[in-house]
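Notes for the one structure printed next.
What follows draws every value from the coordinates through simple rules; no lab data is involved. As the structure is a prediction and not an experimental result, all values here were calculated from the model. So basically every Cβ, Gly included, is an ideal-geometry build from the backbone, and we count neighbours across all protein chains shown.
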Amino acid sequence: MKRILFWVFILSVSFSFSQTITGVVKDSLNNPLANANVIAKPLLENKGLKFAIADHLGRYKLELEKEVPYEIKVSYLGYK
């Protein structure tokens with residue numbers, strides 16, 4: 001029982017240090033852009049770059065650290 005409570009505590013602490021951002025990448029005609037790259041670049045030094053690739057419906061999910069500002073960019077082959 002103590003082992004289970006220990007793991008529950010560790011998991012709850014690790015989830016409290018992150019935030020999830022989800023969205024859909026679409027073009028100007030509202031069509032989903034499959035395989036679009038979503039990149040979150042931290043504005044602080046010593047923090048890691050985060051990225052996601054949109055699925056076939058253009059959906060993406062980013063797990064970002066709380067209290068860290070990010071610049072988020074989306075890129076797609078053939079678009080400027």
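Observations on the structure shown:
- Estimated inter-spin distance, residue 43 and residue 31, nm [label 7 Å along Cα→Cβ]: 3.5 nm
- Pairs from 26/47; 26/61; 41/66 whose Cα-Cα separation, in the structure shown, is over 18 Å: 26/47
- Taking amide H atoms as placed 1.01 Å from N in the peptide plane, the amide H of residue 70 lies under 5 Å from those of 43, each 5 or more residues away in sequence or on another chain.
- The label-point distance for residue 17 and residue 55, in a model that sets each label 7 Å from Cα toward Cβ, rounds to 2.8 nm.
- Between residue 36 and 54, the built amide H atoms are under 5 Å apart, and every one of these is 5 or more places off in sequence or on another chain.
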